[in-house]
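Below is one structure, written out as structure tokens; the observations come after it.
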Amino acid sequence: MAQRIVVDPVTRIEGHLRIDAEVDNGFITKAWSSGQMWRGIENILQGRDPRDAWVFTQRICGVCTTVHALASVRTVENALGLEIPINAQYIRNLVQSIHALHDHIVHFYVLSALDWVDVVSALKADPKKTTQLAESISNWPGNSTNRFKAVQAKVQAIVDSGQLGPFANAYWGHPAMALPPEANLMAVSHYLEALDYQRKANEALAIISGKTPHIQNLSVGGVTAAINLDNEATLNMERLYWVKQLVEEVRSFIHNVYIPDIVAVAALYKDWLQYGAGVTNYMAVPDMVLDTKGESFDLPGGTIMGGDLTTVKPIKSFNDPYFHDNVAECISHSWYDGDWTRHPYEEDTVPKYTEFQDDGKYTWLKAPRFQGEPMQVGPLAQVLVGYAQGHELTVKYSNDVLARISGLAGVNVGPAVLHSTPGRHAARAIRAAMLSDLALKHWDLLVDNIGSGDLEIFNKPTFPKGIQKGVGFHEAPRGALSHWIVIEDGTIKNYQCVVPSTWNAGPRDDKGKAGPYEASLIGNPMAQPDMPLEVLRTIHSFDPCIACAVHMLDPYGQEFAKVKVL
Ligand code: NFE
Ligand code: MG
């Protein structure tokens, strides 16, 4: 008989996510994804000045702290038809690429590696053999026997103290943990180094944007990062070289540590390459803008339907009707008043809580749809959409990673294995490699443009009477993010955020079609239903952020449902 398991809260994510699954004969047969928090950012924007929206929306999330700011200013600019100076575009590109580097490193090492890596087993490793293993996949100077001995001693000291800190409450010794002790020790060492490298990326972000988390340097119409090469208080060459140095160090970590670790996990868990695909409709929006209007980009966007790369259709510009006309959200299974599917300009957000109803309403997340279909978004979507269009950087790094997985796994794997739980991790590492190149490219573009004498950073917006509508999108670390605004006489009449984790973690729609998290769990193995490690593996591979996905919070801190906490 099917057994129901409830994972609530799912930890090592941002926000409050509950996953219900039915397990039959060792495999998951049914799943529900439920966002368990409610806030009110979209609603409190109504009646405000559109130029202030980015400061509010940026507070939707403490993780993807730049992305709602970027999407918001683009939204207002789109509604006004306002171009921004090219320097502002490059500075925004540096913000987004450097933030994503920080975010992807944190996600793999801190939020998901421990689903695959058994820290306790690292104590049994032979440090010399660990060095041999590490040297066979990378020449990172941190992979020394002395370093591995020191890490082992550190882990032993933590275990002996009985205070496991970040290593508490994981499923150590779980039968689905398959890495040899040496691979575990190598990964634990890299986990600790990753803490330094995510900080370097964050430092670069703070230098460019005044502060992190939650950047300070945006404005509708451009940026507020004044450029003056003769002034110590502005963006100058000393600051810019500081940023470049940090990005180069992070790039080296990505190539010598992050990618090899992803290759090792994908190859050593090759059974998992068949699990976790779920919804294989993909969508990414174009980003890393190359002009003042948002018509050419360094990262392509588009859609793929049914996992078939030949169906790829590009999203070409900030104004492309293919994106603009085809997005809607459905609330049939969401705790909002009504039962509709609407275009974002026509939506409202009126909370109406019920109990958790398996066949009714069971989440605070809306269900975004594209031409009526659920879409998976995120680095995997971006990599597949780029690969399918022959985008050079995507093809180069994807083929490289796939060849290395094939070599280590001893089987020849092609892009089809990316439709999987480890595929989402591999795509994120591929994207990190692309973004580290692009951050340096856009640094060069900025410096060359400043060298030509152009110091412009801002075009002043003006708000005409009447109604303007606009959409701003951004390819955030977790995928395609869009903000939608209706402005009336210079103030916000409606504001809707359609967010990556809402696309992925959203519920069924009015036709009963499951969202990507839900679909991805079906058919996953489950060795021990009381220790649902496999659920965490697949859900974590999406990099959930429920604060983003609901952008809403129950003001009374009520307990919404009685569940078994694992
Ligand atoms: Ni809060 Fe976010 C990103 C956005 S949500 S993390 O990336 O937008 O998916
Ligand atoms: Mg929303």
Exercise. The range 496-514 to the range 364-396: how many Å between their Cα centroids?
Worked result: 15
Problem set entry | Extension gain, T224 back to D400 (0.36 nm per residue minus Cα-Cα distance, nm) | 59.4 nm
Exercise. Cα centroid distance between the range 10-75 and the range 291-309, in Å?
Worked result: 23
For this session: Please give, to one decimal in nm, the separation of the simple spin-label points placed at T462 and D348, each 7 Å out from Cα toward the Cβ.
Result: 3.5
Exercise. Assuming R0 = 56 Å, what is the FRET efficiency of I44 and K128, from their Cβ-Cβ distance, to the nearest 0.05?
Worked result: 0.40
Exercise. If you add up the charges near D291, with Lys and Arg at +1 and Asp and Glu at -1, over every other residue whose beta carbon is less than 12 angstrom from its beta carbon, what do you get?
Worked result: -2
Exercise. So for F356, F542, F458, F323, fewest C-beta neighbours within 10 Å to most, what's the order?
Worked result: F458, F356, F323, F542
For this session: Give, as ranges by residue number, the residues of the range 173-195 whose backbone N falls under 12 Å from the point 7 Å along Cα→Cβ of V159.
Result: 173, 181, 185
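Between L195 and E488, what length in nm is gained on full extension when 0.36 nm per residue of separation is reduced by their alpha carbon distance?
Contour length minus the Cα-Cα distance gives 100.9 nm.
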For this session: Treat the count of other C-beta atoms within 10 Å as a stand-in for reagent exposure and order W335, W340 from fewest to most.
Result: W340, W335
Problem set entry | Extension reserve of the A233-L440 stretch, reckoned as 0.36 nm per residue once the Cα distance is removed | 72.2 nm
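Quick one: putting +1 on the C-beta of Lys and Arg, -1 on the C-beta of Asp and Glu, what dipole do you get for the range 218-339 around its Cα centre, in Debye to the nearest 20?
300
Sort the following peptides by mean Cβ neighbour count (other Cβ atoms within 10 Å, averaged over residues), highest first: 488-496, 65-73, 444-452. Mind dumping the intermediate values first?
Numbers: 488-496: 18.2, 65-73: 27.7, 444-452: 14.9.
The most tightly packed comes first, giving 65-73, 488-496, 444-452.
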For this session: Would you grab the residues whose amide H sits under 5 Å from the one on V285? Only those 5+ places off in sequence or on another chain, please, with H modelled 1.01 Å from N.
Result: G302, A480
Exercise. Rounded, prolate or oblate: which fits the chain when a ≥ b ≥ c are the square roots of the eigenvalues of the alpha-carbon gyration tensor, with rounded for a/c under 1.5 and prolate only if a/b beats b/c?
Worked result: oblate
Problem set entry | Farthest positive-ward along the range 217-313 dipole, Cα basis, beta-carbon charges - from P286, L268, S296 | L268
Problem set entry | Distance between modelled label sites at Q245 and K149, nm, 7 Å Cα→Cβ extension | 3.2
Exercise. Residue by residue through the range 474-489, which ³J(HN,Hα) values in whole Hz follow from phi under the Karplus form 6.51 cos²θ - 1.76 cosθ + 1.60 (θ = phi - 60°), with glycine and proline marked x?
Worked result: 7, 8, 7, x, 9, x, 5, 10, 9, 10, 10, 10, 10, 9, 10, 6
Exercise. With a sphere of radius 9 Å drawn around the Cβ of Q382, what net charge do the other residues whose Cβ falls strictly inside it have (Lys, Arg +1; Asp, Glu -1)?
Worked result: -1
For this session: Rounded to whole Hz and in sequence order, give me ³J(HN,Hα) for the range 194-201 from the Karplus expression 6.51 cos²θ - 1.76 cosθ + 1.60, θ = phi - 60°, writing x for Gly and Pro.
Result: 4, 4, 6, 6, 5, 5, 4, 5
Exercise. Taking the Cα centre of the range 93-230 as the origin, how large is its charge dipole in debye, to the nearest 20, when only Lys and Arg (+1) and Asp and Glu (-1) carry charge on their Cβ atoms?
Worked result: 200
Exercise. Which value, in debye to the nearest 20, gives the size of the charge dipole of the chain about its Cα centre, when Lys and Arg are +1 and Asp and Glu are -1 at the Cβ?
Worked result: 620
For this session: May I ask you to order 219-227, 260-268 by the average number of other C-beta atoms within 10 Å around their residues, highest value first?
Result: 260-268, 219-227
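Among 229-241, 470-482, how do they line up by average Cβ neighbours within 10 Å per residue, starting with the highest? Each step should come with its number before you reach the end.
Values: 229-241: 13.1, 470-482: 27.3.
My ranking of the peptides, most packed first, is 470-482, 229-241.
All of the numbers you see were taken from the coordinates with simple rules; none came from a lab. These numbers were taken from a predicted model, which means no experiment stands behind them. Cβ coordinates were reconstructed from backbone atoms using ideal geometry, including for glycine residues, and neighbour counts include every protein chain displayed.
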